[in-house]
1. Cut-off under 26 Å on the C-alpha distance; same-chain residues fewer than 8 positions from residue 142 excluded. Which lysines are left, in chain and number order?
2. Applying a 10 Å radius around every beta-carbon, put 69-76, 14-21 in order of their mean neighbour count, most first.
3. Could you work out the relative contact order of the chain, using alpha carbon pairs under 8 angstrom and six or more residues apart, expressed as a whole percent?
4. Mind listing which GluC sites (Glu not before Pro) in region 48-135 are in a DSSP loop and have 10 or fewer other Cβ atoms within 10 Å?
5. Just the number, please: percent antiparallel of the DSSP beta bridges in the chain, rounded to the nearest 5.
6. When the chain is fully extended, how far beyond the present Cα-Cα distance does residue 142 get from residue 197, taking 0.36 nm per residue of separation?
7. In Å, what is the Rg of the alpha-carbon atoms in the chain, and how long is Dmax?
8. With the crude spin-label approximation of a point 7 Å out along Cα→Cβ, what separation in nm comes out for residue 53 versus residue 26?
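Where a number appears in this text, it was derived from the coordinates with a stated rule and is not lab data. This one's a predicted model, so the numbers in the text were calculated from it and none came from an experiment. Neighbour counts are summed over all protein chains in view; Cβ atoms, including those assigned to glycine, are modelled from backbone coordinates with ideal geometry.
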Amino acid sequence: MVEVAAHCEEVITFLRGILMEAFPGLVSLDVGGVGYQVLIPLSCYDQLPQAGEECTLLTHHHISDADQVLYGFLRAEERDLFRLLIGRVSGVGPKIGLAVLGGLGVEAFKAAVVDNDITTISAVKGLGKKTAERIVLELKDKVGITQAWKTSRDAVGDPEGEGVWGDANLALISLGYRLADTQKVLGQLRKDESLGKKPAVDIILKKALRSLS
């Protein structure tokens with residue numbers, strides 16, 4: 001069965017269909033007889049199923065005055081980071097967002113930002129030192145997500161599920177919510193014993209979005 005999910009703001013949020021072709025950076029999906037071309041980070045290419053098999057991609061539908069482009073990801077964390085970069089860091093567009101994911105991946109990028117590792121980030125093709133410095137500076141001071149990433153990383157063994165809460169925080173910020181608001185809501189949810197010590201990210205997001213709205 002093939003499906004296309006839609007949302008009033010995010011016109012196409014995921015695609016599920018038959019993988020017709022796959023190239024590094026680009027795939028085509030047959031979704032109910034309609035062919036969709038989707039740009040993907042290089043890191044996703046090796047994880048795709050074989051041509052002719054069913055494939056599900058989480059998508060970001062990027063609409064500009066010039067065109068409309070679909071960007072696809074295999075994990076929610078990849079799409080969240082992509083949205084965070086293109087939506088909250090000045091001068092960073094989809095091309096750089098894909099390059100970051102393809103060159104570093106989510107966890108390596110977070111670690112580089114937390115450690116102020118400009119050298120590692122600037123090594124990503126198409127970035128350069130000035131762009132890398134701006135990314136680190138704005139994520140730390142303007143967006144404020146860096147401290148949350150550091151807290152998640154420093155949780156040895158992740159006994160309290162810090163990584164889960166960090167992923168939820170990233171998802172909320174990538175949707176445009178302020179860090180102060182997300183931290184307040186997530187702090188309240190962490191006191192909810194019915195959620196347990198390590199609830200699923202989607203459960204946290206549903207409850208958080210209900211509070212934020």
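1. 95, 110, 125, 129, 130, 150, 184, 206, 207
2. The peptides rank, most packed first, as 69-76, 14-21.
3. 13 percent
4. Listed in order of number, the matching sites are 53.
5. 95 percent
6. 16.8 nm
7. 17.6, 49
8. My value for the distance between the label points is 2.4 nm.
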